Structures are given as C-alpha cells and as structure tokens.
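Where a number appears in this text, it was derived from the coordinates with a stated rule and is not lab data. Treat the numbers as computed from the prediction; the structure is a model and nothing was measured. Every residue, glycine as well, gets a Cβ built from its backbone with ideal geometry; the counts of neighbours run over all protein chains shown.
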Amino acid sequence: MGEIYLDNSATTQVCREAAAKAMEVMTENYGNPSSLHTKGFQAERELTAAREAVAGMLGVLPEEIYFTSGGTESNNLALFGAAHALRRRGSHIVTTAIEHSSIMNTMKQLEKEGYSVTYLEPDKEGRIRPEQVFKAVTPSTILVSMMYVNNEVGTILPLEAVPQAIAAAKAPALFHADAVQAFGKIPVKPKKLKIDLLSISAHKIHGPKGVGALFLRKGVRIEPRAFGGGQEKDIRPGTEAMPLIAGFGAAVKALPDTAEQYAAMEKLSAYCRKRLSEVDDVTLNSPQDACPYIVNFSAGNVRAETMLHFLSNKGIYVSSGSACSKGKESRILTAMGLPKSRIASALRISFSRYNTEQDIDGLVDAVKEGLATLTTKPI
Amino acid sequence: MDEVILIKLGEMVLKGLNRNTFEAALLRNIRRRLNRLGEFDIKAAQSTVYVTPSKGADLDAAVERIAKVFGIVAFSRACVVKKEMPAILEAAGEYLKSDLLAAKSFKVESKRSDKHFPLKSPEISSEVGGYLLKKYPHLCVDVHQPDLIVRVEIRDFGAYVHGQPLKGAGGIPVGTGGNAAILISGGIDSPVAAWMMAKRGLELTAVHFASPPYTSERAEQKVIDLLTRVSEYAGRMNLFIVPFAKVQEEIMAKCPEELFTIIMRRFMMRVSEEIARQEACSALITGESLGQVASQTIQAIACTDEAAKMPVFRPLIGMDKLEIIEIARKIQTFDISIQPFEDCCTVFTPKHPRTRPEIGDILTAEQALDCEKLIYDCVRNVRKLQIAPHRNGGIYER
C-alpha cells in the first residue's frame, strides 16, 4: 500500500522543479553572489530571479524581500527587529493567543525585556473578532503581530482590522503578519492589507527546508539580529543559502494559479468534512469558513498520539496539533476552550496539490478501523 | 459587487482634432499594460475610459499599473450597480464600508450625466446621505472639509459609487509624441530624464555605453533594472549596449587629459545619433543638469551639442539634485541607481577636467583620432536587448 501524506502544514514534498534548481545551483551555478566575477554574477542572477518570483507572488517590489532561514527566523527578525526599532515610541505589543510558537516564545522573550504584550483570546471556533483588535490597540502600541491562517485549525484571522485599529488609535505601531500557512494557498497581498512585515516559508509550498523570507515594506526600518558582510542589505547578513533560495524561487514559480488551486482545495476539503462527519464519534474542530487546506478533528476517546501511530503504521501521515510542539497538549485548542477529551484526541490533516479524494477515503476507512479496534480509556 | 476602474481623461481632452489619436494611443497603452493580468473590457465613452474586469482578472494589480500610464490625471475604483436607487444605496453602504467606518464626517457628491434618471443630482446626494447617516450613526455630514467624499455617478452604462479618486501619472500618452533615444548611464539622473520625456508622449529607445573590462556585467544589469522600472511608465523599449572601451582608450592615449570627458561625450552623442537614426528616432535625451559636474557647464554643453545634429532634450537642465532624487524615489529607480558599480563615465575621469572648453581646442584634439572608424566600430558591435515592464522570472536571456 502506498503512503498517504496528509501533513502538509508540517511540511511538503519538495517539487521536482525546486529540487532540480537546487541541484543545478549546488553543482553548476555554485558561485557566491557577492563575488565580482561572472560566476558570482550568475549566482546573483539566480538570487534576483528567486527574489522576483517571491515578490511577484506577493505583489510587492523585489527589494522588499529578505531571505531568511525560514518562518521561525522571519518571525524572530520581524518581532525583535520592529520592537527594538520602536523602543522609544512605546512598549506595548498586541498579538493573539493562537500564534505559532515562534511568535509566542519570542513574545515571552520580549516580555522579559520589558515589553508588555496583550494576547487576544479566540472564541470556541478559533476566531478572533475585529472588535477585539480595536479594543487592544492603544496609542502606545508599537507592534501588532497576527497570523494569517492558524496552523492548527485553519481559521483565517481578521488582518484587515489591524491597520484600521492602528489608525484609529493613532498608534506608531508596525503591523506584522505571519503568513507561513497562507502564502501560496490564499492570495496574500501585503500592500492591500497595509502589512509592514510578513513572514513566509518555502517548505510549506513544496520548496526546500531551511529557507524563508521576510517582506519588509519599503521605508520601514527594523534592527537586524545578526551583523556581517552586508548581504540582504544588512538586515540578514551571511552568505546567501543559494541552493535553498533558488529552490524556493523555483517552487514559487511552479505553484499553480492560486484561485484555481483554492477552488480545488475547497472541493477536497468539503469532501473530507463530509466523509469524516459520516463517522460516529468524529467531531470537526475547524470552523466551516476555515482555510480549506487544514481540517482539524477529534476522533472519539482515542488519544491523538495513539491514533496517529495507528494511522502511521498504515502509511497514513497526519499530525496531532502542530508538528513543532510534538506531544504537548494543543495550546491553541486549549485557548479555544474545547473540552479536555476533544483536545486530547484532536488530529490535524492538511492538504497539498498532490492529495486526492482517494487519500481521504483511505484516511476515513483507517480512522473507522482505529475507532473500532483501539482500546479507549476515558481521557 | 462588480468593480470597475473609471479613468477620467486629462489634458488630452483639450487636444481638439487630435483627440482621437490621443485616445486611441491611451487605450492601446492601457491594453498593453493590463496584458497578462486577465481579461479586461476597455472602452472609452463620455470622456471616460471604462476598464471592466472579467472573472479572475486581477483588479488590484490593474490599479497599480494604470497609476503608471501617462495621459491619465485621475482615476477611480468604483462599484457598478443598476441605475435604481435601492441598489445605489446598498452599494454606497457596503462598498465603502471600511472607509465609512474609519471616517468621522462625510458628504455625498452626485453627478447625473444620464438625464433620464428620475432624481436630480442634489436629490440623489441627499437620499444617499440620509441612508448612510442612518446606517452609520457615528458619522456626521460636513460639506466643507469631510473626511470622506462619497461619489455617485449616473452614467449611460450604469450607476457608479466610489470614494477618493486616485492620482494618475499625468502627462500625455506614450507614442503620441514620436520617438527619441535616451543616453542612459547607471546614475540617478538619466532614468529620471527618460521618465520625464516619456511623460510628454515620447516613445523611448535606450543607449548605454559599457566599457568592459573596466566596467562589470553588474553595471549593465543595473541599467537593465533601471530601464525595467522606467518601462513600467514608458512601455517596452529596446536597449542598445555600445562597447565603448576602445574609444575611451584611444581618447586617453591621443588627446589632452583635461579634454577627455568632453570628447568622450561628443562620441557618445555621435554614436547615439547614429543608433537613433537607424531606430527612426528624431531626438536625443540626456540627463544633464546645468552646473552639476564639469561636463555640464554651459561651455561644455555647447561643445557636446556641436557633435549632434538632432535636437537634444535635457529635461533636468534646470533642476536641483534634490528635485531629481525626489522623482527618482517616486519612480523607484533611486535605490538601484545608488548601487556602487563603476560605470563608463567614472572609469577614466581626468583629475582636472576643463570646465570651460572651447570648441576650437576640441576639434584640434579630435584630429588625432579616426573618428569615423571609431563610431563605425561602436555601432557595428552594439548589442540589442528588449526591456519590458514586469518581466517574468527576472533573468534576461542575452
């Protein structure tokens, strides 16, 4: 039996185009983009091409894209960079209680440095309401950071409220969006949403691991975290990870049309929800209007980890909560106020363009089997 | 809700019998610029261009591109509904929702160019205003300095609701003024000069002088990047890269050092003029600004001019550096221009250039050179590249 990979929000299979490009850049076009000679210039062109591909996808200028080592670094750079740059303007930061750990733990660190952080709590379906944002932003708020799509349940957050709230409060705040789960999946347009900083990652869209980017709106100054030889305009120095960056660019270019792909995912997601809800004991945790790429559900009284290993033995790969916090009880589902038993049995499946309805059928059959055969003890 | 872009025709409306030519050029330019953003229906009527997207077309990107088309003074993103009051009211309340929420005061301005519509303009305004006041109780009406003006237009094709109009690029449509060749370096000034003349309706051809091995591939790439930004306004253009090191070496070897720059510039004019002629251009454009450097004194410009027979346009001649930089920032060429690569003008710069050269001395000095052969070699070995806005993938095939 072949494998069924339904954990695409953890990571994706690298697409052929990205792998080929990375190979080419490692073995043939291996120059350092900072070298003055032609080999260096050719490498620089690869760098420019990747930058333009990412910028094009976001509808921003190439010079507004800074390559990093991934989502976590982009988030750290954005939060520390913005908070430190605006230290003299205030010390209040607004975020949500359902952010990724790389935001959450950076916020904890900023709190230790003396910043005060307001965490917006989600409702039962994982939603943040615009009114909460308006209430939280004050004239001394220097930064608002909000994820675009929640990585565990797939809710889409009300980003459009943030610039309005900042303007209404006349706050000097910068607006950061963590778009790691949104980029390449829904149309992410920082200009339209008046976003100042935006984090994205390659390996969620069939690019290589170890590379991501930070969009930094022209005119916005942040403090770098590292110092070095001037690469990425000194915002993120260090010799560019060319194979990864070029692979990132190739993966972006290989993305199918966002709208068409989204429609296909809506169909797949609807099918998945329908099949899952046919199973007794399965409760959906993702709200109806969530991003279709992610479906979170709880299966009976079977501990998520037990079910996950059961499925894994059948070659079906899903996740319990977010892959970055393996084993731990989901912070996000807890924040949503779900009962303990539902949290303990929560599984997340997440799709990519390579998934089919057959994959869903395989999953549903296996979940049914698991529910019938696995010993359950009350959680 | 269906959205369209309404473009109000600017200066060109005044052009009398030429108006049709201008309008046709504008429509053509808009069509070209929106190419590849999806299907758009683009038509002109009632001194307005209507840009209507079909399903899937990227209207956000279209707005950004239209803001860079010359010949447009202002344009609006509008919501189009049936010419019935209930539909108009609903559109006013919904389409401008976030603006209305953010504003404290507003007023409604109505225009009725379709006189069959039963309500007169002031009646439309008062009805829409009343509806909005009820729907958004935090608002008050301020007819003098409102935060937001809600605009309602009853036109032949439908009723349009829009808020703040967007600023267009101004100028007249590219292509209506003929062709000219811009001498482009990698500096701040020449891209601005190119932009300014394109704004006056000229279609551009670009000429760049490269001096490998004294200058690098990166200097060339910089010019390509600069022109790509300019082409977002000026449209597609050809770039001719002239190998110039031989000419510079010859001048260096055979002419007085203090006259180097001026003689070099005369060669640039001659070579550019030859290329311009072959490309059916009727003028040259340079980024000179009076007194900025030694070769831009009145005497030096007179000597440079003597080498060219075509008219030479110098749109920056009376501008300060800071004014030029302001435009460079606006058209987003500044950050590219300040990248530190040697260009052909800086490599051989003499220590003490003559600021008041005399044409007699120059002509005497040039007798040491085989001018015709040098120019011929430059023109023969020129490389031609295509520059287009919004290139895909970023890498140019040579």
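Structure notes:
- Listed values for region B:25-37 are Karplus-derived 3J(HN,Hα) couplings in whole Hz (6.51 cos²θ - 1.76 cosθ + 1.60, θ = phi - 60°), namely 5, 5, 4, 4, 5, 5, 4, 4, 6, 8, 3, 6, 9, and x replaces Gly and Pro.
- Reachable aspartates and glutamates from residue B:68, criterion Cα separation under 18 angstrom, eight or more residues apart if same chain: B:11, B:23, B:58, B:60, B:203, B:225, B:232, B:326
- Leading residue at positive end of dipole, region B:2-169 (Cβ point charges), from B:48, B:70, B:146: B:70
- Based on DSSP H segments of at least four residues, each scored -39500 (n - 2.57), chain A has a per-residue ellipticity at 222 nm of -12000 deg cm²/dmol.
- The overall shape of region A:155-279, judged from the alpha-carbon gyration tensor, is oblate: a/c is not under 1.5, and a/b is no greater than b/c.
- Degrees between helix A:258-277 axis and first principal axis of chain A (Cα, 0 to 90, nearest 10): 20
- Using the Cβ-Cβ distance between residue A:369 and residue A:119 with R0 set to 30 Å, the FRET efficiency works out to roughly 0.15.
- Computed extension gain for residue B:31 through residue B:94, at 0.36 nm per residue and net of the alpha carbon distance, reaches 19.7 nm.
- Annotation: peptides B:229-241, B:304-316, B:183-195, ranked by per-residue average of other Cβ atoms within 10 Å with the highest first, follow the order B:183-195, B:229-241, B:304-316.
- Members of A:135/B:104; B:97/B:120; B:111/B:167; A:112/A:189; A:170/B:135 lying beyond 28 Å, as alpha-carbon distances in this model show: A:112/A:189
- Candidates A:37, A:84, A:309: whichever shows maximal mean-square fluctuation once chain A is modelled as a Gaussian network with Cα springs under 10 Å: A:37
- Candidate aspartates and glutamates for bridging to residue A:274, where Cα separation is under 16 Å - those fewer than 8 sequence places away on the same chain excluded: A:266, A:289, A:357, A:359, A:361, A:365
- Amide H to amide H distances under 5 Å link residue A:120 with A:95, A:96, A:97, where only residues 5 or more positions off or on other chains count and H is placed in the peptide plane.
- Full extension of the chain between residue B:164 and residue B:322 yields a length gain of 53.9 nm, computed as 0.36 nm times the residue separation minus the alpha carbon distance.
- Applying the Karplus relation 6.51 cos²θ - 1.76 cosθ + 1.60 with θ = phi - 60° to region B:213-227 yields 3J(HN,Hα) values of x, 6, 10, 9, 4, 5, 5, 5, 4, 4, 5, 4, 5, 4, 5 Hz, where x marks Gly and Pro.
- Cα gyration tensor shape of region A:53-182, rounded if a/c is under 1.5, else prolate or oblate by comparing a/b with b/c: rounded
- Stretched out straight at 0.36 nm per residue, the stretch from residue B:338 to residue B:277 would grow longer than its current Cα-Cα span by 18.8 nm.
- Compared with the dominant Cα axis of chain A, that is its longest principal axis, helix A:357-373 is turned about 50°.
- Efficiency of FRET between residue A:27 and residue A:218 - r from beta-carbon atoms, R0 60 angstrom, step 0.05: 0.95
- For chain A: rounded, prolate or oblate by the Cα gyration tensor [a/c cutoff 1.5]: oblate
- For region A:274-322 and region A:93-161, distance of Cα centres in Å: 26
- Mean per-residue shielding of peptide A:185-192 is 1, counting Cβ atoms of other chains within 10 Å of each Cβ.
- Chymotrypsin sites (Phe, Trp or Tyr not before Pro) within region A:219-293: DSSP coil, no more than 14 neighbouring Cβ in 10 Å: A:227
- Going from the residue with the fewest nearby Cβ atoms within 10 Å to the one with the most, A:6, A:255 rank A:255, A:6.
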